[in-house]
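Input: a single structure, listed below in structure tokens.
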């Protein structure tokens, strides 16, 4: 398997070549030169696979330069009952007839991002042990990526983590989960601004090739291809759990801000998984919903990014969206470069009057948005009907998913996080707090270690240079 850049300026590379880097050298995102395909016969043969077995069957196609025994060992080390508290790793639970919750938040930080980042941490450590090198991870988080990455990389030999988050714009639980870590290789930086400012600085640093090389900068954000690849697995696992025929279609409802999670679903569909609809749900920051309805991708200025009760989706620049658009424009890197240049200079691009928008219509996406009142009503409705408490982001997905539900087509709603991470909203919706998992009873009272900085890429680089390994 060889990889290319969406902007056309990177020599063909292996999985191991791109594993640690994040952005391609030309500022684009990496993708396989072609997607591997899965046959109906293979799907049938996988029906009784464990999660580690399924992960190996899929990931070995993307990481075929890693010896099979080594990859299997890393997967087995990652997806354990001890780490994810369930033998299925990603269990499905019925919400109502024909509608299921795909449980993705059973990992160490109670968020779906653990599924990929726990594996990424083990892949990184193995790669560095093989080379004797070191790595300085620079990441941005709107809530859950930060803690998932830090818990996956804390104490890892040769790795330091510099995580940017928007100052005072995450939930109290999310903030405490990150800032209470005292591991010496973890550095939390609260940025005066919104998530997009944090993400812009990660990209600015990554695009400084001299600095990136000198300080061995890597990333764990969903611009890292390995993260997307790891997320593909649970789409297959969910499909296998609720179907009985190799040709049976299902739909997935996915809360989306940065387009990474649903990008994995799109690739699973391209690989041959029988997906009828990919239902993309946004909150009030509805940039992606607007694009699929109108063809206009319009980035919001910082002061127009709403602070909502599903804060991990308070994003207006969907960094993974470039991968999808690359496919929609027939994988023409010149078109991608021109579109993102227009985003940088004018704040938007418009595909509505181009032939490419037909491909968007045919891609299997439908979209919708959700408000705070929608979230509260959905949390109450799900609890009344099933006894299950869902978090605010999952509620966005369920709300929009039910709007597109089709009779006879199983609907899988992807869980974002456990509700305890958004306790204030759950109390507002249900009048009582959600149950806290053991070990998290008083996390907000623990000492916190972080610094506050302006949204200044030069200052971030100075900080990394001073503290890098």
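The values are calculated or read from the model by the stated rules, or taken from the named source; none is laboratory data. Bear in mind that the values here come from a model prediction, so they are computed numbers and not experimental data. Methodologically, a virtual Cβ is constructed for each residue, glycine included, from the backbone with ideal geometry; neighbour enumeration extends over all protein chains shown.
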Residue 235 fails exactly one of (1) touching a helix residue (DSSP H, G or I) at 6+ places or on another chain (Cβ under 6 Å); (2) buried (at least 24 other Cβ atoms within 10 Å of the Cβ); (3) in a loop (DSSP other than H, G, I, E, B), namely (3)
Does the range 367-376 include one or more residues that are surrounded by fewer than 16 Cβ atoms within 10 Å (Cβ to Cβ), in a helix (DSSP H, G or I) and without any contact (Cβ under 8 Å) to a residue 12 or more places away in the chain?
-> yes
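Do we find a residue being over 18 Å from residue 332 (Cα atoms) and either at pLDDT below 95 or in contact with a helix residue (DSSP H, G or I) (Cβ under 8 Å, 6 or more places away or on another chain) (or both) anywhere in the range 349-358?
So far as the range 349-358 goes, no, none of its residues is over 18 Å from residue 332 (Cα atoms) and either at pLDDT below 95 or in contact with a helix residue (DSSP H, G or I) (Cβ under 8 Å, 6 or more places away or on another chain) (or both).
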Checking 227, 214, 270, 293 in turn, the sole residue that is in contact with a helix residue (DSSP H, G or I) (Cβ under 9 Å, 6 or more places away or on another chain) and within 24 Å of residue 351 (Cα to Cα) turns out to be 270
The one condition residue 48 fails out of (1) over 30 Å from residue 418 (Cα atoms); (2) assigned to a loop (DSSP other than H, G, I, E, B) is (1)
**Asked** Quick one: would you say residue 65 is more than 22 Å from residue 413 (Cα to Cα), at pLDDT 95 or above, part of a loop (DSSP other than H, G, I, E, B) and out of contact with any strand residue (DSSP E or B) (no Cβ under 8 Å at 6 or more places or on another chain)?
**Response** yes
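Take the conditions surrounded by fewer than 24 Cβ atoms within 10 Å (Cβ to Cβ) and part of a strand (DSSP E or B) and apply them to residue 190. Does it pass? Walk me through it before giving the result.
Working: surrounded by fewer than 24 Cβ atoms within 10 Å (Cβ to Cβ): yes; part of a strand (DSSP E or B): yes.
In short, yes.
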When (1) out of contact with any helix residue (DSSP H, G or I) (no Cβ under 7 Å at 6 or more places or on another chain); (2) modelled with pLDDT of 95 or more; (3) over 17 Å from residue 38 (Cβ atoms); (4) surrounded by fewer than 24 Cβ atoms within 10 Å (Cβ to Cβ) are applied to residue 203, the one that fails is (2)
Residues in the range 455-469 that are more than 20 Å from residue 183 (Cβ to Cβ), out of contact with any helix residue (DSSP H, G or I) (no Cβ under 9 Å at 6 or more places or on another chain) and outside any helix (DSSP H, G or I) total 0
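This table checks each residue for (1) touching a residue at least 60 places away in the same chain (Cβ under 8 Å); (2) closer than 20 Å to residue 257 by Cβ; (3) surrounded by fewer than 20 Cβ atoms within 10 Å (Cβ to Cβ).
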| position | (1), (2), (3) |
| --- | --- |
| 98 | yes, no, yes |
| 107 | no, yes, no |
| 115 | yes, yes, no |
| 133 | yes, no, yes |
| 144 | yes, yes, no |
| 153 | yes, no, no |
Determine if the range 95-104 includes at least one residue that is under 19 Å from residue 177 (Cβ atoms), at pLDDT 95 or above, touching a strand residue (DSSP E or B) at 6+ places or on another chain (Cβ under 6 Å) and part of a strand (DSSP E or B). no
Of (1) over 16 Å from the mean Cα position of the chain (by Cα); (2) crowded, with 20+ Cβ neighbours inside 10 Å; (3) part of a loop (DSSP other than H, G, I, E, B), residue 162 fails just (3)
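Here is a yes/no grid of residues against (1) in contact with a helix residue (DSSP H, G or I) (Cβ under 8 Å, 6 or more places away or on another chain); (2) within 20 Å of residue 225 (Cα to Cα):
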residue	(1), (2)
94	yes, no
103	no, no
111	yes, yes
114	yes, yes
119	yes, yes
147	yes, yes
174	yes, no
188	yes, no
Just one listed residue, out of 75, 89, is on the phi > 0 side of the Ramachandran plot, buried (at least 22 other Cβ atoms within 10 Å of the Cβ), at pLDDT 95 or above and outside any strand (DSSP E or B), and it is 89
Taking the range 390-434 and keeping residues surrounded by fewer than 21 Cβ atoms within 10 Å (Cβ to Cβ), assigned to a loop (DSSP other than H, G, I, E, B) and out of contact with any helix residue (DSSP H, G or I) (no Cβ under 9 Å at 6 or more places or on another chain) leaves 404, 405, 406, 407, 408, 409, 431
